[in-house]
Ligand SMILES: Nc1ncnc2c1ncn2[C@@H]1O[C@H](COP(=O)(O)OP(=O)(O)OP(=O)(O)O)[C@@H](O)[C@H]1O
């Protein structure tokens, strides 16, 4: 089942460090209604395919949003501009994509211009900003693709704010809604929005909602709704259907999907369908924006679900007009190792990439439990300042980790995919990916966390031999082979690993085993594995990587949920999970249970923020 991505309630991603951090449990959501609205013509979308600028679809018969002269009224007491702390964060990647177009030259509100100048400290638009702004201001739905780290957030926020301030927003309604797949990203968007809205307050305001926090506080906050709301899907569904908040969105003018391809994929699809069904009253008139760095393969499907389609929709693909996308120019290396050598390889690679002065290394694992286990392992081994970032960690912890990683150097962050998309950590020197990513897009997004910050970023992918087929999906990328350690090289790390694994709690190892099994069990087709194969692989992981004497026991219920009942090789727990290691204890629990589609009914808000499909937590 899809599981939750609890996390920083915005602060984690917050550039402005908004003071938030409430916890609580989301409640079940409504059913799974289908999207209302009539049929639309999508044939003209996606087929144009050409790159560079908005596709030349005919202009819409009338703009979806009335566009007139700005109806601005200056705030009574203009707020003081906060320092331009954003300037320092503008990466070389972003700079490389700046255009001749200045924000001053745009036909936008002077209040927004002032914020861009004084708060953000930006002068020139990036390509995606320059190309989408006029199209959005004309009232089109826009499907935009631009490489990672090139300013998509401002690309959708700036025109949205512009449209909001061009027409009255005086009612107690939400006029713009931005949906983000993760809590961290929601917070980051909200922070960027706050900055852009600095001089529009109090006429315009911004807030965000996400799972894992006290929903009643959200309900209270929405009694005075912000003009622009940022939300994660699960919490939004919860609020819409369990707290009768659909009317708040009756006059929605702008609906934004950040990381749109992820939001439209199967794991999120039920929640998104529910959200769209709740927003039917504005369907014909609102604009919809879909932004992502990886988008186009599934474009017709994406468009069908979310946009008005036909002439109202434009595709803006700036990748063709920019220099190469991150994943096409950042040096990347692939190492394929036997399973037993994987951890030694990781340690060797860490030694290598942390030679760089001021290093900041982000290491991705496929599940929260694996990220957690390796973080514990590295901590036991010592030598690095290790930060741990995944859904199993508390909100305050994640917030602290995000801030530390954003601001510090000489750090190694071990993360699940909660950090894969959108997170704007400056100066990440290397991105390591351990194990086969969920798909090609995820590989690209993870890699996009580097080369944002003026330093020569690098990407490293460590695959086990049985995963090597994944590299075929990356064959067009500049990935070179990095030879694996020799047998002697691996042996050098054996004593330290044996000692370190012995010091890890049995429950940590048991959970890591279960998570590993759960992850690969949800990728049987890709790996051409039978259920017996996946159990065999997981058992090898238990004995050769975790250095256990035997595979940990799993609860019968977990085995059933994974669809692995009766598969040879599993140790099914009747009473306790203890006993696989002398002196060990603890039960295998949590991550890894369940297979099949995420979402659906009883939409636990936290769960819906996960990537769905796979039986793991990020
Ligand atoms: N016009 C601009 N001039 C200078 N810096 C900018 C400009 N626009 C955005 N930036 C900065 O560039 C960085 C990257 O922007 P942003 O996070 O929006 O990228 P993105 O395209 O959404 O990346 P991802 O695909 O990873 O989500 C941010 O720190 C942002 O504030």
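At a Förster distance of 60 Å, what's the computed FRET efficiency of residue 284 paired with residue 494, Cβ-Cβ distance as r, to 0.05?
Working: r = 66 Å, r/R0 = 1.09.
With R0 = 60 Å, the Cβ-Cβ based efficiency is 0.35.
What FRET efficiency comes out for the pair residue 487/residue 525, r = Cβ-Cβ distance, R0 = 30 Å, nearest 0.05? Display every interim value, and only then the final one.
Working: r = 33 Å, r/R0 = 1.11.
Step by step, r from the Cβ atoms, then E = 0.35.
For a Förster distance of 45 Å, can you work out the FRET efficiency between the beta-carbons of residue 355 and residue 532, rounded to the nearest 0.05?
For R0 = 45 Å, the calculated efficiency reads 0.60.
So for each of 156-163, 200-207, 240-247 I average, over its residues, the number of other beta carbons within 10 Å; can you give me the resulting order with the highest mean first? Walk me through the numbers on the way to the answer.
Numbers: 156-163: 25.5, 200-207: 19.5, 240-247: 16.5.
Descending packing order for the listed peptides: 156-163, 200-207, 240-247.
Semi-axes, largest first, in whole Å: what does sqrt of 5 times each Cα gyration tensor eigenvalue give for segment 429-536?
25, 21, 15
How would segment 399-491 be classified by its alpha-carbon gyration tensor: rounded, prolate or oblate, with rounded meaning a/c under 1.5 and the a/b versus b/c comparison settling the rest? Show your work: numbers first, answer last.
Working: a/c = 1.87, a/b = 1.47, b/c = 1.27.
Because a/c hits 1.5 or more and a/b exceeds b/c, segment 399-491 counts as prolate.
Of all the Cα-Cα pairs you can form in segment 184-299, what percent are over 23 Å apart?
Distances greater than 23 Å cover 29 percent of the Cα pairs.
Each label point is 7 Å from the Cα along the Cα-to-Cβ direction; what then is the distance between the points at residue 329 and residue 468, in nm?
Spacing of the two 7 Å Cα→Cβ label points: 3.2 nm.
Is the shape of segment 449-500 rounded, prolate or oblate, going by the alpha carbon gyration tensor and its root eigenvalues a ≥ b ≥ c, with a/c under 1.5 for rounded and a/b larger than b/c for prolate?
Here segment 449-500 falls in the oblate category.
Dividing the Cα radius of gyration by the Kirkwood radius, what Rg/Rh value follows for segment 254-298?
My calculation of the ratio gives 0.98.
Would you mind classifying segment 388-436 by shape? Square roots of the alpha carbon gyration tensor eigenvalues, ordered a ≥ b ≥ c; an a/c under 1.5 is rounded, otherwise it is prolate if a/b is larger than b/c and oblate if not.
Oblate is the answer for segment 388-436, as a/c is 1.5 or above yet b/c matches or exceeds a/b.
By per-residue mean of other Cβ atoms within 10 Å, what is the highest-first order of 330-341, 350-361, 432-443?
Peptide ranking by packing, descending: 432-443, 330-341, 350-361.
Dividing the convex hull volume of the Cα atoms of segment 101-248 by its residue count, what figure in Å³ per residue is obtained?
115 Å³
Can you tell me which of 393-406, 468-481, 103-116, 123-136 comes out highest on packing, and rank the rest after it, using the mean Cβ neighbours within 10 Å?
The most tightly packed comes first, giving 123-136, 393-406, 103-116, 468-481.
Here, each number is a calculation from the coordinates, and none is a lab measurement. Note that the structure is a prediction, hence the values are computed from the model and not measured. Here Cβ is always computed from backbone atoms with ideal geometry, including for glycine, and neighbour counts include all displayed protein chains.
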